[in-house]
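First up is the structure itself, then whatever we jot down about it.
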Amino acid sequence: MTLGLRGAIALGQATGGAAGAGAGVTPTAPATPTPAPAVSAPVTVAHEAYEDPGGKKAVIVDFVTRNLTNLMNDADTTAQTNARSNMTAATMTAGAPASPTFLFEYGRALNDAFLPKLDPKANATIRQRLNIAIVTAKVAYVAENVTLQTTTIKLINDPTEPVMLWGLKAAQKQVPWVVKAKLPGTKGVPPLLAAIAPAVFKHPSGPVFAEAYLALTTVDPLVYEELIKLWGNRLSQYQGKDAPDDPEVDGRPVFTLSYAEMWKNVLKDPAVQTKVMQMISDQTSVAAQWADKTPAGDKHDQLVKLVIQCAGACSVIGTDVKNPALTTAATPASLLNIGTLTQGTSMVKTVDPIIAAIKAAFPNVQAPPTVGQPGVALQP
């Protein structure tokens, strides 16, 4: 993924059109476009704006405006890099995060400045959009507020995977605040939450699912519903001709849904518990089946790690629901060590006791499907 991001922000070679030449006229080389000069931009926000963010909004806006001009200047990569650093570093003062009041005003100024640049009519390059996405994610990480929500939604819906990946990173720190804020006029699923799954389905790669899973870890019923939707789509990929790439990332939703706090505050309804355990049972089983079918190598090891993660979650859940039989059945697999695993060990046989224990603890859970059978759907 790192290589993909680096590649995405690399500048292409500039090309010039050939100049026409008349008879007897020596052709001239195409003129090299003169790069737009960088503007003078402050490296830091003036101290007075940190002291009085509300009264010095104009100072904050000026800092953002001038640095954004350089951030959008693809012809001057040094100015772009400096602008990105300046805009990110502005969240800190005296070695610590700036005050919540400053971060709120700063986030609003960035959001107002970024949105026009992300309008399709602006025709921003991928490099420009990616730089905006990186700044948004890094500022959101420190700001911990909802001011960049609209920009983040735009980034998540970007048609290119590198930009939307950074959009998902930006969402991770904002989702808890969006859920907590319950913004006026918002009914049902908040827009930021609602944007995640559809965007991921357009870019269904392992790294994208990994970042999206991280964005959906808040213990909240609305977040749970979006996580289940996302994970259900990923589970369906295990019914293809091969397991999806990067299967280890699918341990994240299993881990999130095994929190004691999640079972206490969200997964209280027996029908909801059954749904979650059905998905955990299916994930455990299909990972084991594909591990047995996959040659030695990284993907095989990731599938085994996923089995271990699923087993660990089942062990924890057994404790949470006071079912020692589930914990006992899951513990041996949770303690497996890939480095010492005997070649030819059947992962299916390893997880059989776990699948049986899940069924005993949650009688309405159905048997997992067999992978590689077209038309056989995994339980939603």
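Derivation of every value follows stated rules applied to the coordinates shown; laboratory data play no part. Note that the coordinates shown come from a computational prediction; the quantities given were computed from them, not determined experimentally. Here the Cβ positions follow ideal geometry from the backbone for every residue, glycine too, while neighbour counts run over all protein chains shown.
Karplus-derived 3J(HN,Hα) values for segment 277-285, using 6.51 cos²θ - 1.76 cosθ + 1.60 with θ = phi - 60°, are 5, 4, 5, 5, 4, 4, 5, 4, 5 Hz; glycine and proline are entered as x.
In the chain, the DSSP-assigned H stretches of four residues or longer account for a calculated mean residue ellipticity at 222 nm of -19500 deg cm²/dmol, using -39500 (n - 2.57) per stretch and the full residue count as denominator. From the largest down, segment 126-233 spans 36, 31, 21 angstrom on the principal axes of its Cα atoms. When you restrict to C-alpha pairs under 8 Å that are six or more residues apart and normalise by the size of the chain, the relative contact order lands at 11 percent.
When the chain is treated as a Gaussian network with alpha carbon springs shorter than 10 Å, the biggest mean-square fluctuation among THR256, THR77, THR340 belongs to THR340. Which of LYS173/LYS299; LYS180/LYS241; LYS299/LYS322; LYS169/LYS299 have a Cα-Cα distance over 32 Å? Violating the 32 Å Cα-Cα cut-off are LYS180/LYS241; LYS299/LYS322. Between segment 137-179 and segment 234-309, the alpha-carbon centres lie 26 Å apart.
For segment 81-121, the square roots of the Cα gyration tensor eigenvalues, ordered a ≥ b ≥ c, give a/c of at least 1.5 with a/b no greater than b/c, which places it in the oblate category. Compute the Cα gyration tensor for segment 181-267, then decide on rounded, prolate or oblate, letting a ≥ b ≥ c be the square roots of its eigenvalues: rounded whenever a/c is under 1.5, prolate when a/b is larger than b/c in the other cases, and oblate in all that remain. Oblate, because a/c is 1.5 or more while a/b does not exceed b/c. Of the peptides 64-75, 42-53, the ranking by mean beta-carbon count within 10 Å, highest at the top, reads 64-75, 42-53.
Shape call for segment 240-373 from the C-alpha gyration tensor, a ≥ b ≥ c root eigenvalues: rounded (a/c under 1.5), prolate (a/b greater than b/c) or oblate? Since a/c reaches 1.5 and a/b is larger than b/c, the shape of segment 240-373 is classed as prolate. Relative to the 2.2 N^0.38 Å rule of thumb, the chain has a C-alpha radius of gyration ratio of 1.21.
Less than 5 angstrom separates the built amide H of THR93 from those of ALA98, all sequence-distant by 5 or more or on a different chain.
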